[in-house]
Structures are given as C-alpha cells and as structure tokens.
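For reference, the structure discussed in these notes is given below.
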Amino acid sequence: MSLESFISYLALERKYSVHTVTAYKKDLEAFSDFCNQNHDCKSIDAIAYGLVRSWVVYLVDSGMSNRSINRKIASLKAYYKFLQNIGAIEINPLAKHKALKTSKKIEVPFSEIEMENVLSQIEFDNDFEGVRDKLIIELLYTTGMRRAELINLKIVDVDFSQQLLKVLGKRNKERMVPLLPSVARPFKVYLTERKMLDNITDEEYVFLLKSGNKLYENLVYRLINKYFSKVSSKVKKSPHILRHTFATHLLNKGADMNSVKELLGHASLASTQVYTHNSIAELKKVHASAHPRGKQ
C-alpha cells in the first residue's frame, strides 16, 4: 500500500507528469525485485542502507552509468522521505547517502548559422506536414519550449492578439511565452492547413499528425534529427538541443539570466546556469578579439 500511496502522492499532490511517475514506479519495483530475489526481503519499506549499497554495486557491475544509478537512487530517497513524513518509518536509510561521481555533461547547441541554414536553406514540402515541421522547429528555437510542452500546446493557449503562448510546464506550472511576429505568420498558415485535414480526432491540440491524431514525442525527435542532419555534423540533434540553443543564443546576445530562467520555466536559477558554459566561451572570444591586448 505504501508504494501505491507514494505514486498517488506524486501524481496528485506533486503533480508530476505521467512519464516521471512511471519512472519512479519502475525504479522502486526494480529495487523491490532485487531485494526479494537476492536477499529474500518481501518489503522495502523498512530496510538497512546495506541493501541499497548492494543494489548500487549490482547496477555498477551490470554496466549502468553513474548518472542513471543516481537517478534511481533519487527515486528511493524520495520514497523513504515520503514514508518518513507520513510516520511509516523513523529513519530514512538514505539520509547520508552520497551520489556517485559523474562527469559534467556539456551539450553543444546549434550555431546561428546552422539555425539559419535549416530555416532558410532547406526546402520544406509545401503541404500540411512540411508547414507543420518547419513551424515546430521555429517554435522550439524561438520559445525554448520542452518537447512535451509543444506536444500538449492547445488551440486555446495561442493568443495572436497579444502575441503570447500559454505553456503548461513541469508540475502543471503555467507560464506565458512571447510569440515572435515572424513565427506568428507561419503559425496562422499552419492552422489554415490544419483545418483542411479530413478527420481531426484530437481537436484541442495544436500539433497533429496527418491522420488528425495528436503528435507524439518520438516523431518530434525524429523530425528534428532528420532536418538538422542535413546541415549539422553534431552528434546529438534533438528537441532538447534546440531548447539549449534558445537559451545559449539569448545569453550570447546579452539577455538577463533571470529573464531566460522565466522563459524556460525553470524553478531555480541554478537550472538556467547550466546554459552559461557556451555563453562564457562566446564572451571569451569577444573579449580576446576586442581588447587591445587580446591580439598580443
């Protein structure tokens, strides 16, 4: 019952997405299976820290990355903190756990030239899907939206008169994002093409398949990878890299970090600071080329 209560707590009180709740549940079930099969432990509600250490060793030996292991342990931490808060246990067995060391993950954004090449040089098909695909790239780049936020964007969330989009972010937190005039025009063209679809099932959502059903996450990933593979040799080409590109390009042009934080929908400034690595590199180049002593 404790696990079911925890899952309900994440979904209803913390308002985590279905994807996140599912990930927590899988992590806890995997730990429970490990304890049951290897230590004959029927319940994970009251366990010693030694069992957690054994699981960590098992995961390391299986070849799992430290980053992935830390994410699984974070699920356990949250679960035991929940049990502690409801009085089911007195001591959190993970209270003093230290995360495994991980290397800093630096994601390389697309350059301004690469963005210009995709949006100006590539010929998109002059049909519903071509118009839709180009608009998706434009929106991800000019708003910094997450892939899930774009997929769940609804018709009622688009305000052309105010040039704003209402975006529903993590934990159902709403934010208003500006819609550039240069993007509003192709947006209206897309909506006209959308009306001409033979059968629309998911009427409330902006982005649809040709069949009239709501867009799905893997398709968005595939189309970003498809178009950017034509202009970029970067290893990673994904919707998240476009979000990274949005933030980096704004910071490179002198945007205030707090403003970028609000546009991205981050809960804390620390999350936004991840994107400063590339803007600092850009500042170094400007500094070296512009300062009288830089060329010496």
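The values are calculated or read from the model by the stated rules, or taken from the named source; none is laboratory data. It should be emphasised that the depicted structure is a prediction, and the values quoted were computed from it without experimental measurement. Ideal geometry is used to build each Cβ from the backbone, glycine not excepted, and the neighbour counts take in all protein chains shown.
Within the stretch 102-121, does at least one residue satisfy the condition of being among the acidic types (Asp, Glu), within 30 Å of Lys195 (Cβ to Cβ) and in the same structural domain as Lys253 (by TED's automatic domain parsing)?
No, the stretch 102-121 contains no residue that is among the acidic types (Asp, Glu), within 30 Å of Lys195 (Cβ to Cβ) and in the same structural domain as Lys253 (by TED's automatic domain parsing).
Determine which single condition Lys237 fails, assuming it passes every other condition in (1) crowded, with 16+ Cβ neighbours inside 10 Å; (2) within 16 Å of the chain's Cα centre (by Cα); (3) in a helix (DSSP H, G or I).
(3)
Assess whether Leu223 counts as being of a type in the set (A, V, I, L, M) and either without any contact (Cβ under 8 Å) to a residue 40 or more places away in the chain or more than 20 Å from Leu264 (Cβ to Cβ) (or both).
yes
Would you confirm, using the coordinates I've provided, whether Ala267 is at pLDDT below 95, assigned to a helix (DSSP H, G or I) and surrounded by fewer than 20 Cβ atoms within 10 Å (Cβ to Cβ)?
no
Given the options Tyr79, Tyr58, Tyr9, name the one that is aromatic (Phe, Trp, Tyr), surrounded by 18 or more Cβ atoms within 10 Å (Cβ to Cβ) and either touching a residue at least 12 places away in the same chain (Cβ under 8 Å) or out of contact with any Asp or Glu (no Cβ under 6 Å at 6 or more places or on another chain) (or both).
Only one candidate qualifies: Tyr79.
Return yes or no: is Phe34 more than 30 Å from Ala247 (Cα to Cα) and surrounded by 11 or more Cβ atoms within 10 Å (Cβ to Cβ)?
The answer is yes for Phe34.
It is to be established whether one or more residues within the stretch 119-131 are under 27 Å from His19 (Cβ atoms) and assigned to a helix (DSSP H, G or I).
Among the residues of the stretch 119-131, at least one is under 27 Å from His19 (Cβ atoms) and assigned to a helix (DSSP H, G or I), which makes the answer yes.
Mind listing whichever residues of the stretch 147-184 are among the basic types (Lys, Arg), surrounded by fewer than 20 Cβ atoms within 10 Å (Cβ to Cβ) and either closer than 23 Å to Phe228 by Cβ or modelled with pLDDT of 95 or more (or both)?
Matches in the stretch 147-184: Lys154, Lys166.
Of all residues in the stretch 30-52, how many are in contact (Cβ under 8 Å) with a residue 24 or more places away in the chain and among the acidic types (Asp, Glu)?
Qualifying residue count, the stretch 30-52: 1.
Could you list, in sequence order, the residues of the stretch 163-178 that are closer than 18 Å to Arg147 by Cβ and free of Cβ contacts under 8 Å to residues at least 60 places away in the same chain?
Residues satisfying the conditions are Leu165, Lys166, Leu168, Glu174.
Just to be sure I understand, how many residues within the stretch 1-60 are of a type in the set (S, T, N, Q) and within 21 Å of Ile86 (Cβ to Cβ)?
6
Scan Ile89, Ile73 and give me the residue that is part of a loop (DSSP other than H, G, I, E, B) and modelled with pLDDT of 90 or more.
Of the residues listed, the single one that is part of a loop (DSSP other than H, G, I, E, B) and modelled with pLDDT of 90 or more is Ile89.
For the stretch 7-48, which positions are within 25 Å of Ser62 (Cβ to Cβ), of a type in the set (Gly, Ala, Ser) and not in a helix (DSSP H, G or I)?
Ser43, Ala48 - these are the residues of the stretch 7-48 that are within 25 Å of Ser62 (Cβ to Cβ), of a type in the set (Gly, Ala, Ser) and not in a helix (DSSP H, G or I).
Within the bounds of the stretch 174-192, is there any residue that is part of a helix (DSSP H, G or I) and aromatic (Phe, Trp, Tyr)?
yes
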